[in-house]
Structures are given as C-alpha cells and as structure tokens.
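We did not get these values from a lab; they are worked out from the coordinates using the rules stated. Every value quoted in this text rests on a predicted model; they were computed, and no experiment measured them. Using ideal geometry, Cβ is built from the backbone for each residue, glycine included, and neighbour counts are taken over all protein chains shown.
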Amino acid sequence: MSEKSYLEALNLAITEEMRHDEGVMIFGEDVGGVKGGVFGVTKGLAEEFGDKRVFNSPLGESEIAGLAVGLGVMGHHAIAEFQFADYILPAVNQIMSEATKMRYKSAGDWISPIVMRTPYGGGVRGGFYHSQSTEKIFAGQPGLRIVTPSTVYDAKGLLKSAIRSEDPVLFYEHKKLYRSIKDDIPDDDYTVPLDKANILKQGDDVTVIAYGVMLQFALKAAEELKDEFSVEVVDLRSLYPIDKETVLEAVRKTGKVLLITEDTKEGSVMNNVSAIIAEEVLFDLDAPIKILAGPDSPSMPYAKDLEDAFLVNQADVTKSIRELAEF
Amino acid sequence: MKLKDSQLTKDELIQAYRMVKEARMLDERLWQLNRIGKSTFNISGQGAEVGQVAMALAFEHDKDYFLPYYRDMAAVMVWGMSAKDILMGSLGKADDPSSHGRQMPNHYGDRAHNIVPFSSTVTTQYPVATGVALAMQIDGSKAIALTATGEGSTAEGDFHEALNFAGVQKLPMVFVIENNGYAISTPNAEEFGVKDLSVRATGYGIFGKQVNGRDFAETYLAFKEAADNARNGNGSTLIEMLVDRLTAHSSDDDQRVYRTPDDIAEMKENDCVMLMEKQLLSEKVLSEAELASIKKELEAKINQATEEAEEMPNPASDQLMTHIYEEE
C-alpha cells in the first residue's frame, strides 16, 4: 500500500496497463511530450513508452474520438483524452454514431474497445467551459458505458477495468478531486467493476447516492451525523447503465433516499436514478425522493459568489440528510 | 485515355468491365426490389461504377482496408463482397455481412474483406480511417487504407480534422471525394467555393489530384500512384473523382424536381458504363457478341443471387438485444 492522490492513481492505472499490453496507447491535446496533460495525468508516459504510443493530437475533438475508433477497429486499445468535459461536444457525433454503435451495427463483427477520459466538474473557478458536468448528454445511450471514480481506490481500479474492457467507455474524472483527495491504495494490480455501484458506508436511516465531489460531501455528512442518524452512502460509479440492483436494494433498506449531482437537475443522471426508484420501489419509500442538484442556470459562472451559489455545498447535503431522517 | 494506357492486361480489363457491369445491373435489380416493395430503400452509385472499379483495383484487397460510403457498391464488390451479400443487405437478412440486417441498405461493411462499416451521418468514416491507417503505420504492416465520401461531406468538420491529422502523421492512406455534382438537391455551386476540391490537399501538406472518374485508365493510374505513395511511406493523397449521379439521390427522391431535362439527358449520353463499352469495342478488347454474352451471364448470376438472398432467413426478433456490450 502507498499513499496516492486521485491523479497519481489514474497515472498509475495507465502506466501499469501500458506495461501490461503493448496495444494500449494514449493521445489527446497536450497529452504527450514533457507536459503530460494540462492537469498532469499523463506526465512521464511519453518518456517511458515513446511518442508512438503517447502523443499530442491536434486540437480537434472529433478527430480524437474517430482516431480512437479506428485504432480500436484494428485491435489497439486507445485511450483518448478530451482536455475538458466541456470540450467533448465536437466529438459527440463520433462517440454516438461510431464508437457507441460499432459493435451493434455490425452484430459484433467490429468493436470499439476505447476509453475516452475527460475531466469534469466545477468549484475550481473554471467558468462556463471548464466546470460543466456533460455526462447527461450521453447517459441513456445503450452501447456506451459512462463511469466516474469518486475515490482514489476507484481512480486506479476503474480506469484499469475501462482500459481492459472491449466496450467504449466514457471515463469522467472530477478535476477537483485530482489533488484534493489522497488515500492508501494497493501497489499491485487490482480492478473495479465498470457496472457496479459501491456501498461505501452501511446505514439504516437514510440512503445517499452520489458521485464526484458530491460523494465526498455525503461521506462527510454521514460522519458529522453519526451520533444522530445512520446513513447509507452509495457511490453510483456507473452513470450509464445504472446498477439498478445495488441502487434499489440500498433504497429499500432505509426507505429514504437523497440523490446528489452537481449537474443541473433536469435530464440529469440523478433524474434517471429517481425515475428507476419511483418506478420500481415506490411503496418501499417512507419519504419523497429528494434530489440535490445545480440550478437551471446555463452554466457555472466564474465570480466566486456566483460559483458558490451554483454548487451544492456541504451544508446543503448535511441539512437534506437531516430533513429526510426526521421526515 | 485509352483503357490500355492503364497498363492492365486484356484479361484484367475484361475482369474490370465485368465488375462495372455487374454493379450496374445489380443496382438496377435493387431498384426493382424497392419498387415492388421487397426492400424499402436504395441509394445508388450509378454513374460512378467505372471510377470506383478503377479506384479499388489499385489496392491489395487481402490486406488493405476500405472505409466506404453508401454509393460505393462497385468498389466494395472489387474488395470482395458478392452480389448476394449486397442483396442480403437490401433485404435485411441475418447473414448480411454489412450489418446483419441492422443498418439501412447500402451501408457496406464486411469483416471478412477488411471493409469497415460507417454511419449515415456522413464523413465520420474519415477520422475513423485515420485510426485504421495509424494502426497500420504503428504495426509496420505495409497495408494502407482507402476512405471515400461524397462531395457534400467536404463541408463537414470531420473532413478537415481527418485530413489535417493525416498530414501531421504522414498516414499511409488515400482519401477520395466522389463528386457527383449534387448533395441530394444542392448543386456544387452552393456547396463550396472552389472548382477543384483536390487543391485543398495543399492546405494539409498531402498530395492532391482531380481525376475524371468516367475515364478508367486515368482514374486507375491516379489511385495507383496514391496507393504507392501511401505504401512507400510518402503519406496521404486526396483525390477528387468526378462522377455522375444517374439516379435520384435515393429511392425516396426524384431528381427531375431540381435538375433540368437537358442536364439529365446529357449525363445519360455520357454514361460511364456505355463509354467503357465503346472503348472496349474500339480497342478490340471485347466484341459486340462478347459484351452481349457477359450481359447474359451476369443476368443469370444476379437472378440466382436474388433468389438465394430472398430465401435467406431474416434476423430473429430476439437478436434485437444482442451485441450491445461485450458478452461475458
């Protein structure tokens, strides 16, 4: 075991998989050379694996996605990086029309075994186009997997699984977690399943389901409230498809559920989770489903007070858990 | 140019003609199947067959990859797909190698013949082809990739992004724009501001050439040179191949609405298949009797392929939820 940051854990996952499988390659804007990405996730990779397997791509996101699909067709496992989740938009056609449908449209004759990594999330004064959670654009597209690690352990294990998967995986990394969380993780090889939510804390009074920074808030709130209420905390992990079994079991157990996303609510992943709960276990609920989400503002503004006003915060989470527990 | 200027042997030229003629006759069959309600859609390459066969013959089909677009029937047949394969696609049969009845007709793909399927959103195959070519470059396989699209696609961002990357990496590939004058009903003059789309190659640092796709030898030689350059590590080429669209955009379109009778008549007088037949006769590659005999033979072949394809099973409805994710 060694202490690693979320960012270091991601770097380790890529490094280990590139050592393990010569077909793995990684590219994106500023990913190669000595820079190793604007956040440094790919630092050191070009030096170890050379500029054929680790390289800078021109500034064109559709090409980055299409390139990955073509490499996948030829049996390589491409990891494509989109510099910010906000910048993924020009690649939507490649992701939805090619990557996601390659297996289905050929009934398995061709596949697209690619990982598309991208940093998302706000609270870093990134303004409109460096703060957004864009996962809702893709969530609901069969053929595609969308996952996000919210712990250091998962950062390594989930990325390793994504790289080994034969499916196209959209891998969201919360940029605020890159350097803000550290943990002891195994030095050797391990993986985390791509399609399973994870119960991080058992509880009986309220179930909280979240991902990203919001999951950290949930864990902290559960700790703060531990003398009063027992809170079950679920890391959603797979944003699509949703792990219905784990989610429904955790909700049935307490009968009260708080769903948290920093994305705006309408059409969000948590609205999908809410619909599943309402459809499947309504009569097991002891209180209405509660969703904490961003406001219906077109994006996250830059100014400090505006950004703070946009984001769900620790106090909101603690308060909502208490309200649900006392309902 | 004369057919013989292609440097192909007499037998090779006859073989090329058979493929041109088969593609024409097969497409006519697909229209019949559509008009009698046996298939719901057809989108044709009529008017591009000579160019497509000349183009495809410049490649090594056992190792080179092709990422076509929906008018490329003649080219995919040169690459190895059969009339029955294509008919099964139009009829939505389970053994259709393009998509096993999942995609619309004419969306060609074939794992056994290195043909990668594409989407109807157009031009997405250009970036995907750069990935295929990059893999070949990295693997040192000496194989190359060909990708095709219509001239309407040159307005798409994917067109630019792929050519830019091909220039950066000197990829072993050939891009072709099959310019048939129209993007559905929108004429060239409303699509782009240049007379020769191949000049765009200069802006990406790759080779560029415009060819008359009705001229077999000119087209074949241009693609041969492009393929040689790709295979020898000299990088990519963008070829604009001028062709005709003898039919409507698709079975759901009627080009008489937006093209003049004179325009359509003139195009039909210069039908590439007819021009090739004239050349075969004048260069004494084939006689009238031999042309007639080939036609008769192909008629029988297509009739048989149609019968066989019609008898093939449809995909079972329980196939709907298969091949979505990797199966354990």
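Counting only other chains, what is the mean number of Cβ atoms within 10 angstrom of the Cβ of each residue in peptide B:113-120? Present the calculation step by step, with values, prior to reporting the outcome.
Numbers: counts 0, 1, 1, 9, 8, 3, 8, 1.
Whole-number average of other-chain Cβ neighbours for B:113-120 is 4.
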Check: Among rounded, prolate and oblate, which fits segment A:161-295 when a ≥ b ≥ c are the square roots of the eigenvalues of its C-alpha gyration tensor, a/c under 1.5 means rounded, and a/b larger than b/c means prolate?
Finding: prolate
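Which whole-number percent gives the relative contact order of segment A:198-326, counting Cα pairs below 8 Å spaced six or more residues apart? Numbers along the way, then the final one.
Working: 221 pairs, mean separation 37.5, N = 129.
In percent, rounded to a whole number, it is 29.
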Note to self: Residue by residue through A:111-118, how many Cβ atoms from other chains fall within 10 Å of the Cβ on average?
What the structure shows: 1
Checklist line | segment A:198-326: antiparallel DSSP beta bridges as a percent of all, rounded to 5 | finding: 20 percent
Notebook entry, point to check: Which listed residue (B:VAL128, B:ALA217, B:LEU291) has the Cα farthest towards the positive end of the charge dipole for chain B, taking +1 on Lys and Arg C-beta and -1 on Asp and Glu C-beta about the Cα centre?
Noted result: B:ALA217
Next item on the list: Taking every Cα atom in segment B:160-295, find the radius of gyration and the maximum pairwise distance Dmax, and write them in Å.
Entry: 17.9, 52
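Using a/c under 1.5 as the rounded threshold, could you call chain A rounded, prolate or oblate? The axes a ≥ b ≥ c are square roots of the C-alpha gyration tensor eigenvalues, and prolate needs a/b larger than b/c, oblate otherwise. Write out the running numbers ahead of the final one.
Working: a/c = 1.70, a/b = 1.59, b/c = 1.07.
The shape class here is prolate.
Tell me the relative contact order for chain B as a rounded percent, counting alpha carbon contacts under 8 Å between residues six or more apart.
Worked out over chain B, it gives 23 percent.
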Next item on the list: Taking H placed 1.01 Å from N in the peptide plane, check which residues at least 5 places from A:VAL54 or on another chain put their amide H under 5 Å from its amide H.
Entry: A:ILE26
Note to self: Give me the net charge for the shell around A:PRO288: Cβ to Cβ below 14 angstrom, other residues only, Lys and Arg +1, Asp and Glu -1.
What the structure shows: -2
Next item on the list: Could you please report the charge total around A:ALA162, scoring K, R as +1 and D, E as -1 over all other residues with beta-carbon less than 14 angstrom from its beta-carbon?
Entry: -3
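When DSSP beta bridges are limited to those with both residues in chain A, what percentage is antiparallel, rounded to the nearest 5? Please list the in-between numbers first.
Details: 9 of 41 bridges.
Given both bridge residues lie in chain A, the antiparallel proportion sits at roughly 20 percent.
Going by average Cβ neighbours within 10 Å, how do the peptides A:309-320, B:116-127 rank, with the highest at the top?
Details: A:309-320: 17.2, B:116-127: 24.9.
Result, highest mean Cβ count within 10 Å first: B:116-127, A:309-320.
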Item checked: Table column - 3J(HN,Hα) (Hz), segment B:77-87, Karplus curve with 6.51, -1.76, 1.60, x for Gly and Pro -> 6, 5, 5, x, 6, 9, 4, 5, 4, 6, 4
Check: Under a GNM of chain A (C-alpha, springs under 10 Å), which listed residue has the highest mean-square fluctuation: A:PRO193, A:PRO301, A:PRO288?
Finding: A:PRO288
Checklist line | Distance from segment A:284-307 to segment B:1-59 (C-alpha centre basis), Å | finding: 59 Å
Margin query: Could you give each residue of segment B:283-295 its phi-based ³J(HN,Hα) in whole Hz, using Karplus coefficients 6.51, -1.76, 1.60 with θ = phi - 60°, and x for Gly or Pro?
Written below: 8, 6, 7, 9, 9, 4, 5, 5, 4, 5, 5, 4, 4
Checklist line | Average partner coverage of B:79-86, which counts Cβ from other chains inside 10 Å | finding: 0
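How much length would be gained if the chain were fully extended between A:LEU282 and A:TYR302, taking 0.36 nm per residue of separation minus their Cα-Cα distance, in nm to one decimal? Walk me through the numbers before you get to the answer.
Values: separation 20, 0.36 × 20 = 7.20 nm, distance 3.95 nm.
Going from the current span to full extension adds 3.3 nm.
Can you classify chain B as rounded, prolate or oblate using the Cα gyration tensor, where a ≥ b ≥ c are the square roots of its eigenvalues, rounded means a/c under 1.5, and otherwise it's prolate if a/b beats b/c and oblate if not?
Working: a/c = 1.31, a/b = 1.06, b/c = 1.24.
Cα axes put chain B in the rounded bin.
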Check: Over 28 Å between Cα atoms, which of B:LYS209/B:LYS278; A:LYS176/A:LYS201; A:LYS196/A:LYS226; B:LYS21/B:LYS93; A:LYS4/A:LYS136; A:LYS43/A:LYS160 qualify?
Finding: A:LYS4/A:LYS136
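Set the Förster radius R0 to 22 Å, insert the Cβ-Cβ distance between B:ALA94 and B:GLU327 as r into 1/(1 + (r/R0)^6), and round the FRET efficiency to 0.05. Please list the in-between numbers first.
Values: r = 18 Å, r/R0 = 0.81.
The pair B:ALA94/B:GLU327 has a calculated efficiency of 0.80.
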Checklist line | Within a Gaussian network of chain A (alpha carbon springs, distance under 10 Å), most fluctuating of A:ALA80, A:ALA99, A:ALA287 | finding: A:ALA287
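Report the equivalent ellipsoid semi-axes for the protein assembly as shown in whole Å, largest first, defined as the square roots of five times the eigenvalues of the gyration tensor built from alpha carbon atoms. List each step's numbers first, then the result.
On the way: eigenvalues 565, 138, 88 Å².
The equivalent ellipsoid of the protein assembly as shown has semi-axes of 53, 26, 21 Å.
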